[in-house]
Amino acid sequence: MTPKLKKSLLYWLLLSPLCVVILLPFGIMFVTALRPRDELFVYPPTWTFSEFRWENFAEMWVKTNFGGALLNSLYVSLTSTIIAIVLSIPAAYALSRYRFSGKGLYRNFLLMTQMMSPIVLVLGLFRLMVHLNLVNSLNSLVVTYVAFNMAFTIWMLQSYFNTIPRELEEASWIDGATSFTSLVKIFLPLAVPAMVVTAIFTFINSWNEFVLALTLIRSQNDYTLPVQIFSQVAGRYQVEWHHVMAATVLATVPVAIVFSWLQRYLIRGMALGAVK
Amino acid sequence: MASVTISGVEKWFGTLQILHGIDIDIEDQEFVVLVGPSGCGKSTLLRMIAGLESISDGEISIGTRMINDVPARDRDIAMVFQNYALYPHMSVFDNIGFSLKLRKRSKQEISEKINEAAEILDLTPYLERSPRQLSGGQRQRVAMGRALVRDAQVFLFDEPLSNLDAKLRVVMRTEIKALHQRLKTTSVYVTHDQIEAMTMADRIVVMNKGRVEQTGTPMDLYDFPANLFVADFIGSPSMNFIEGIVAADNEGPFVMAKDRTRLAISRESSAALGQKVVYGARPEHLVLASGNEGFDATIEVIEPTGPNIQIFADVAGQRICALSTERRTHKPGQRIRLHCPETSVHLFDASSGARI
């Protein structure tokens, strides 16, 4: 056995407890989602089952109004991501490039907002939305997700913007570009990787958010996916676990795939900033 | 092309003063090098000419136009940055042509100009590459190309060679100088390397702590440094200094070092008897002497450089350097006599540092 192989084995051995903790719920999710209904509660529990019931997904889709919730989730997550990024870019740019009084204070304020759990704010937010007449509207979620995510997005973008050499913009000014042209032609193209990575995180945060969605959305038609799935479990006489798990698979797997695919931007982003 | 006039320029960062009233007149077609140790304000001054730093006080004009409040893009200048500042997401072609595209020149004119610049700079085979795929020297050339196509009134260079290895630096130095001789564009070049300054400049401006110490042609600065700072800064290996007091005897005036070593000076020198001075002698002016001429020295270290041999020796308790072309075999510890012809001696006032 080569030393390198030994080392790899050791690392995997050390990592294995973590892998189990992370992968076990996914395993259970998959096998439950594909099981026939009467094999759900066999004792002792088994990993195997008699047939792959792909129909679970089709039944679930209709029964749980999955499509509607999916559209709601997509609307809320995409809109809030786009708005958060668009609003964060100028803020992060200013923090990265300009000197102004209160800059340190503002940065600390952004960090502090991240230390507060949304749960603490739920009551206040609910009353605010009542006041704004936004309760039971998906836009209330968009607004709050944008607000909650912006501190993070500004922070992320700013630290990346700092790695883009100032001279690039200065060179473009001397070449005859206005500040705006320089921003659009030089700066933002270089910041794309950071924007993509930040957008992914924001999207996932919004996609998975549960507490606010549960509080601010009242009608079943406007539920986002986490709330919709939750409503299949909570307050019911009978829980259709195979449907719940099928819905969970559909809610998580596409996002996970997109996420791992886009991760390459993260690496490319790091490399781009280093060009000298 | 145009002249550049800098008059009474000051720069403040908050309460910190970086530049103390700088006056420099740069003539049309001149190649002026701003040189000084790091932190002396030379780059700040260049950036103020470029329009990247505001001017706290004083005026900068290009030609007859005062440009204090003109944004960088309208100053009609071109600049080469220390880290080249090439746009990493554009090809070499687009990097060079960016300014022309912004000025909405026709496609044909743009590509003609780019090809012309590429020709001059030997970049033709690399036009489609991205900056990442170029070597340091090639990137440097692209940065030059970006300045070339502009037909700007003034070229500004901010330590453009400092990221290159020693050999390439010498090559590029000559290329930039040749380019200037050909294009004759007024150029301001910032460097901390006095050799670069000496070899390239029509005129050198030596700066220190936000002030101009001396302005002059390279040989002027070398032969007649205005003060200790310039004398020390210009020349490599740098000038030897020995402190002493002016005295005189039958043989004429001399500087008496602390250990009473006699350092002869010219009879025409205006130094007063008893004045505390610094005696300066360039290494190449210190020759091995025989007989009574000169002063005693003890060899400490010998460094052959090829064309000559650097002899580091102890004189009056100070280490000095002498350059010798003779291939005699000296040894550390050996006692020798060194002599500097009186006309080559530089004298400076010990308290003010000014040339006497």
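Taking the DSSP beta bridges in the protein assembly as shown as the whole, what percent of them are antiparallel, to the nearest 5? Show your work: numbers first, answer last.
Numbers: 59 of 77 bridges.
That works out to approximately 75 percent antiparallel.
With the convex hull built on the Cα atoms of the protein assembly as shown, state its orientation-averaged projected area in nm². Mind showing how you got there, number by number?
Values: hull surface 181.1 nm².
Its average projected convex-hull area is 45.3 nm².
List the pair-distance distribution P(r) of the stretch B:59-200, using every Cα-Cα distance, as the percent of pairs falling in each 5 Å bin from 0 up to the bin containing the longest distance, rounded to whole percents.
In order of increasing distance, the bins hold 2, 9, 19, 22, 21, 15, 8, 3, 0 percent.
Given an 8 Å cut-off on Cα distances and at least 6 residues of separation, report the relative contact order of the stretch A:136-276 as a percent. If you can, show how the numbers build up before the last one.
On the way: 88 pairs, mean separation 46.3, N = 141.
This gives 33 percent for the stretch A:136-276.
Once you list every other residue whose beta carbon is under 12 Å from the beta carbon of residue B:332, what net charge do they have if Lys and Arg are +1 and Asp and Glu are -1?
Values: positive: B:331, B:335; negative: B:300, B:303, B:314.
Result for the neighbourhood of residue B:332: -1.
Take the alpha carbon gyration tensor of chain A, find the square roots of its eigenvalues, order them as a ≥ b ≥ c, and report rounded if a/c is under 1.5; if not, report prolate when a/b exceeds b/c, else oblate.
Working: a/c = 2.45, a/b = 1.45, b/c = 1.69.
Cα axes put chain A in the oblate bin.
At a 10 angstrom cut-off on C-beta neighbours, averaged per residue, how do the peptides B:51-59, A:3-11 rank from highest to lowest? List each step's numbers first, then the result.
Values: B:51-59: 16.6, A:3-11: 9.6.
Highest-to-lowest ranking by the protection proxy: B:51-59, A:3-11.
Near residue B:70, within a Cβ-to-Cβ distance under 14 Å, what is the net charge of the other residues, with Lys and Arg +1 and Asp and Glu -1?
Working: positive: B:65, B:73, B:75; negative: B:53, B:59, B:69, B:74, B:76.
The answer is -2.
For the stretch A:1-48, what's the radius of gyration and Dmax over Cα atoms, in angstrom?
Rg then Dmax for the stretch A:1-48, in Å: 16.5, 50.
Per-residue counts of other Cβ atoms within 10 Å, averaged by peptide: what ranking do you get for B:280-287, B:251-258, highest first? Show your work: numbers first, answer last.
Working: B:280-287: 20.8, B:251-258: 16.8.
Going from most to least packed, we get B:280-287, B:251-258.
For helix B:107-121, what angle does its Cα long axis make with the longest principal axis of chain B, in degrees from 0 to 90 and rounded to 10?
Result, in degrees: 20.
Quote the charge dipole size of the stretch A:1-84 about the Cα centre in Debye, to the nearest 20; the model charges only the Cβ of Lys and Arg (+1) and of Asp and Glu (-1). Before the final figure, lay out the partial values.
Values: 7 positive and 5 negative charges, 108 e Å.
It comes to approximately 520 debye.
Jot down the radius of gyration and Dmax of chain B, Cα atoms only, both in angstrom.
24.5, 81
With +1 assigned to the C-beta of every Lys and Arg and -1 to the C-beta of every Asp and Glu, and no other charges, what is the dipole magnitude of chain A about the Cα centre in debye, to the nearest 20?
So the dipole magnitude of chain A works out to roughly 780 debye.
Among the DSSP beta bridges whose two residues both lie in chain B, what percent are antiparallel, rounded to the nearest 5?
Numbers: 59 of 77 bridges.
So the antiparallel bridges amount to about 75 percent of the total.
Report the net charge of residues surrounding residue B:221, where surrounding means a beta-carbon distance below 14 angstrom and charges are Lys +1, Arg +1, Asp -1, Glu -1. Kindly include the intermediate steps, with their values, before the conclusion.
Details: positive: B:203, B:282, B:355; negative: B:196, B:202, B:213, B:220, B:223, B:232.
For residues surrounding residue B:221, the net value is -3.
Jot down the radius of gyration and Dmax of the stretch B:237-323, Cα atoms only, both in angstrom.
Looking at the stretch B:237-323, its Cα Rg and Dmax stand at 13.5, 42 Å.
Tell me the angle of helix A:66-97 to the major Cα principal axis of chain A, expressed in degrees between 0 and 90 and rounded to the nearest ten.
Compared with the principal axis, the helix lies near 20 degrees.
For helix A:103-113, what angle does its Cα long axis make with the longest principal axis of chain A, in degrees from 0 to 90 and rounded to 10?
0
Under unit Cβ charges (Lys, Arg +1; Asp, Glu -1), what dipole magnitude, rounded to 20 debye, does the protein assembly as shown have relative to its Cα centre? Let's see the in-between values first.
On the way: 59 positive and 57 negative charges, 392 e Å.
Result for the protein assembly as shown is approximately 1880 debye, rounded to the nearest 20.
Given a Förster radius of 60 Å and the C-beta distance between residue A:8 and residue B:301 as r, what FRET efficiency does 1/(1 + (r/R0)^6) yield to the nearest 0.05?
On the way: r = 54 Å, r/R0 = 0.90.
Between residue A:8 and residue B:301 the formula returns 0.65.
Laboratory data are not the source of any read-out in this text; all were calculated from the coordinates shown. Nothing here was measured: the structure is a model prediction, and the numbers come from that model. Heads up, the Cβs are rebuilt from the backbone with ideal geometry, glycines too, and the neighbour counts pull from every protein chain shown.
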